[in-house]
Amino acid sequence: MKISKLKFFVAALLCVSAVQVAFVSCSDDPGVGNYYTSTKEYASDYLQNREQFSKYVEVLQRATGSEDRYRLVDLLSTWGLYTVFAPTNDAIDLFLESKGVGSVAELSKEDCDTIALNSIIESVAYFTTDVSDDTYKTPCMLGQYHSITVDTVTSVMYINSSSVLTHADDSVANGVVHTVDKVVLANTAILDDFLTDDENISLYVLALQVTHMADSLKRYIDNTYSVGKDSTDWDNPALVKKTAVEYDNVAYPKERKFWYTMFICPDSVLKEKYGITDLDGLKAKAKELYDPMYPEDADVDDVTDRRNSLNRFISYHILDRMGTYYQWTCEDGSGILPNAWMRDKIDISDYYETMMPYSLMKFSFPDAGAETGLYINRRGVAGHADERGEFVRGAKVTDLNEMKINNLCANGSYFYIDDIVAYDRNTQEKVLNERMRIDASTLSPDFMTSGARGIYTQSGVQGGRYGILDNSSTTANKNTCYGFKNGYVKNFVFNNGDGNTHLHVRPRTPSMWSYQGDEVTILGNFDFTVKLPPVPKGEYEVRLATCVEFESRGIVQVYLDGEPQGIPFDMRPNGITLYGWISDGDLGDDDAIAAFDKSIRNLGWMKGPKSYYNINDNTGAHNDCFRDLGNGRFVRKILGHFISDGKTEHYLRFQQKLDNPEGAMNFDFLELCPSTVYNNEYIAEDKW
């Protein structure tokens, strides 16, 4: 299995570090035995008290960043959380040599800023035990992401595939310091240019260029973005919102970025599997895949036309959002959150819109023994067919250790895949012909690109992989949530503006009564519309999964494509007990359970999924099954039905009918379920 290889290699790294550190340490180095012990030193003290970092300290003393508010060496002497990748004097000398200068004093301030800002991740302390072989989920102070990989032969750990982590996990009072043998630098290229440097993917790069899809990969920063004068920004996360019994600290990202992730079949795989060696061969394959699904466009020869088969082919391989190897699903490599699923009954999966118009891509992380890993457009459970007898292997995504390259640049990243992916007949009629559970935190690219989905704790006072709830007072919960403003969160529109509709994404906390441990929270006298992900042709039922029965909840009217769907949904205590929730245990046998499920379904309700548990944040031990959450507190509400033609957008609108400026709606996940599943006379929809 490739899950969390870093954990496996940490022990080996410590042994390697004990040898390597002899070349960079001095007599007062804390040593391997103190890696995980807290010291009274702040990061700045730690660095200044060790001669091997003297040149790095000199860089930090000159560096202030673009805002010129403080020296970065002073920043590291303040309370908070910081992850520092500290280059040794030898590492600084290598950088000086590359610049053709002999001392730090000869570097420009811009060079010092680049070294310093790349070397610090602010607001979170990442120990090697906290991350998987993947990409750090928080950018460095320069705004770029860093990857972390392990050489499976030597057990050497790399940052951005080039800087060796020679000494790991020295705990300081305000974070953690890692020693590196080269200055950590990020790639500042834009994705379309960055891809041309990899000779292994020349055919996909050529297809990007001739279709002009490369032109769509150039956006980076939204220069119109502003959190507004009345909003809390990330430096001052003091906006407190009551969501149920918890109080959330909410801050807004400092900037809005655009990101693109591309999944690329290397030239060698195209040749080996399909005999494709040139662009004409790729065009022929594209027509083979897409003409049967879009016969009306078979004669569109202009490859820059979005209806052209090659254009569809290459754009389907691109998503307009940030996603590391462990962010496309909730298999995060921790060995904790994945325990929330009954993985012998259901694969951990998520669904995303691609840059091919009106198309959807499925990501799965099955627990499949030697075949465990991240897949695109897979159908089944673990390594076998699902309960409906369907199995499609899908294309496997190559993790960073296997890629052996730095896959990150300024506005995007890419992964190798071991087969072509396509929105063809197999994907539309087999892979996606299932109940699709869409987590609310995936509904906007901005949730993922900002780092809001599945974020680590961002409080400055608390480390660790997951958030921890503390409901004792308005200031006890130190987690910081990501807030989003109208106009700067794709696929969402606040119909009554920011003043009445508030939206934030909460940190992932596995013990919460929320699928995947996180949720989108809507507050106020809200009125918002969300665009549904595109689905293949067919009839669909739309369901909302939400946690109810709290005084802070509201009364919500739902509209589907502009049409009201039944009476308003009362989410307050006693608002939903009209269907008389009864536990499976009290119902008794399978026939009684099935009869009860049918009766509440006729009223527009379903219990929560049987395949998911909330779990202990630290051990992953099961707490409550979502199907059994007492008194109907977690429900799936059937919102309505629509017919998809495969090329039309569909929208849900949620309007608060109760005049309550502090009213809350837990937006957990949606289900888009085809009639072939919920209305199948031969195979009933499962409870999982």
Practice prompt. May I ask you to list the residues in the range 501-532 that are open to solvent by 20 Å² or more (accessible area, probe 1.4 Å) and within 21 Å of the chain's Cα centre (by Cα)?
Written response: Ser511, Trp513, Lys531
Response to the item:
Subset of the range 127-170, residues small (Gly, Ala, Ser) and surrounded by fewer than 20 Cβ atoms within 10 Å (Cβ to Cβ), comes to Gly143, Ser155, Ser161, Ser162
Practice prompt. Take the residues in the range 627-656 that are open to solvent by less than 10 Å² (accessible area, probe 1.4 Å) and among the aromatic types (Phe, Trp, Tyr), then tell me which one is farthest from Glu539 (Cα to Cα).
Written response: Phe634
Fill in: Sole exception among (1) of a type in the set (Gly, Ala, Ser); (2) at positive phi; (3) touching a Phe, Trp or Tyr at 6+ places or on another chain (Cβ under 6 Å) for Ala385, by number
(2)
Practice prompt. Quickly run through the range 568-581 and pick out the residues that are of a type in the set (Val, Ile, Thr) and surrounded by fewer than 17 Cβ atoms within 10 Å (Cβ to Cβ).
Written response: Thr577
Worksheet item: Going by the structure shown, is Asp297 without any contact (Cβ under 8 Å) to a residue 24 or more places away in the chain, within 20 Å of Met355 (Cβ to Cβ), open to solvent by less than 40 Å² (accessible area, probe 1.4 Å) and charged (D, E, K, R)?
Response: yes
Item to complete: Could you tell me which residue of the range 65-90 is modelled with the lowest pLDDT, considering only residues that are surrounded by 20 or more Cβ atoms within 10 Å (Cβ to Cβ) and assigned to a loop (DSSP other than H, G, I, E, B)?
Response: Leu81
Worksheet item: With respect to Phe53, is the statement that it is at pLDDT below 95 and farther than 23 Å from Cys409 by Cβ true?
Response: no
Practice prompt. Enumerate the pairs (first residue in the range 241-252 and within 12 Å of Ala664 (Cα to Cα) and free of Cβ contacts under 8 Å to residues at least 40 places away in the same chain; second residue anywhere and hydrophobic (A, V, I, L, M, F, W, C) and assigned to a loop (DSSP other than H, G, I, E, B)) with beta-carbon separation below 8 Å, excluding pairs fewer than 6 apart on the same chain, so at least 6 apart or on different chains.
Written response: none
Worksheet entry | Cβ-Cβ under 6 Å pairs, at least 6 apart or on other chains, the range 151-167 side farther than 18 Å from Asp90 by Cα, far side modelled with pLDDT of 90 or more and surrounded by fewer than 22 Cβ atoms within 10 Å (Cβ to Cβ) | Val156/Val164
Item to complete: Search the range 546-567 for residues being modelled with pLDDT of 95 or more and closer than 30 Å to Gln428 by Cβ, and hand back the single one that is most open to solvent (accessible area, probe 1.4 Å).
Response: Glu563
Practice prompt. Within the range 171-190, identify whether any single residue is open to solvent by 70 Å² or more (accessible area, probe 1.4 Å), modelled with pLDDT under 95 and not polar (S, T, N, Q), and answer yes or no.
Written response: yes
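Kindly indicate the residue of the range 406-442 that is of a type in the set (D, E, K, R) and in a strand (DSSP E or B) and also farthest from Pro295 (Cα to Cα) among those meeting that condition.
Here the answer is Asp439.
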Discussion item. Any residue that is of a type outside the set (A, V, I, L, M, F, W, C) and in contact with a Gly (Cβ under 9 Å, 6 or more places away or on another chain) - is there at least one of those in the range 584-597?
Written reply: no
Worksheet item: Residues of the range 408-440 being touching a helix residue (DSSP H, G or I) at 6+ places or on another chain (Cβ under 7 Å), surrounded by fewer than 19 Cβ atoms within 10 Å (Cβ to Cβ) and under 23 Å from Asn308 (Cα atoms), which ones?
Response: Asp419
Practice prompt. Could you give me the residue pairs with C-beta distances under 6 Å whose first residue belongs to the range 632-656 and is closer than 17 Å to Ile555 by Cβ, whose second residue is open to solvent by 30 Å² or more (accessible area, probe 1.4 Å) and hydrophobic (A, V, I, L, M, F, W, C) wherever it lies, and which are 6+ apart or on separate chains?
Written response: Gly632/Trp581
Worksheet, complete the sentence: Those residues of the range 443-456 which are closer than 17 Å to Thr354 by Cα, touching a helix residue (DSSP H, G or I) at 6+ places or on another chain (Cβ under 8 Å) and part of a loop (DSSP other than H, G, I, E, B) amount to none
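Listed here are the residues, each with its yes/no results for (1) without any contact (Cβ under 8 Å) to a residue 12 or more places away in the chain; (2) in contact with a Gly (Cβ under 8 Å, 6 or more places away or on another chain); (3) of a type outside the set (Phe, Trp, Tyr).
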residue	(1), (2), (3)
Gly369	no, yes, yes
Gly383	no, yes, yes
Phe391	no, yes, no
Val397	no, yes, yes
Leu400	no, no, yes
Asn411	no, no, yes
Tyr414	no, no, no
Worksheet entry | Per-region count, the range 110-168, residues assigned to a loop (DSSP other than H, G, I, E, B) and not basic (Lys, Arg) | 28
Fill in: Restricting the range 509-551 to residues that are β-branched (Val, Ile, Thr) and assigned to a strand (DSSP E or B), the residue that is farthest from Asn249 (Cα to Cα)
Val542
Fill in: Residue tally, condition at pLDDT 95 or above and either open to solvent by 30 Å² or more (accessible area, probe 1.4 Å) or on the phi < 0 side of the Ramachandran plot (or both), over the range 390-407
8
Item to complete: For the range 370-400, name all the residues that are more than 12 Å from Asp419 (Cα to Cα) and part of a strand (DSSP E or B).
Response: Arg379, Val381, His384, Val392
Response to the item:
In the set Asp617, Asp586, Asp624, Asp659, the lone residue that is in a strand (DSSP E or B), out of contact with any helix residue (DSSP H, G or I) (no Cβ under 6 Å at 6 or more places or on another chain), open to solvent by 10 Å² or more (accessible area, probe 1.4 Å) and modelled with pLDDT under 95 is Asp624
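The values are calculated or read from the model by the stated rules, or taken from the named source; none is laboratory data. In this text the structure is predicted, and so the values were computed from the model without any measurement. Every residue, glycine among them, receives a Cβ derived from its backbone with ideal geometry; neighbour counts consider all protein chains shown. Accessible surface areas use protein heavy atoms only, side chains included; no ligands, DNA or RNA. Shrake-Rupley method; radii C 1.70, N 1.55, O 1.52, S 1.80 Å.
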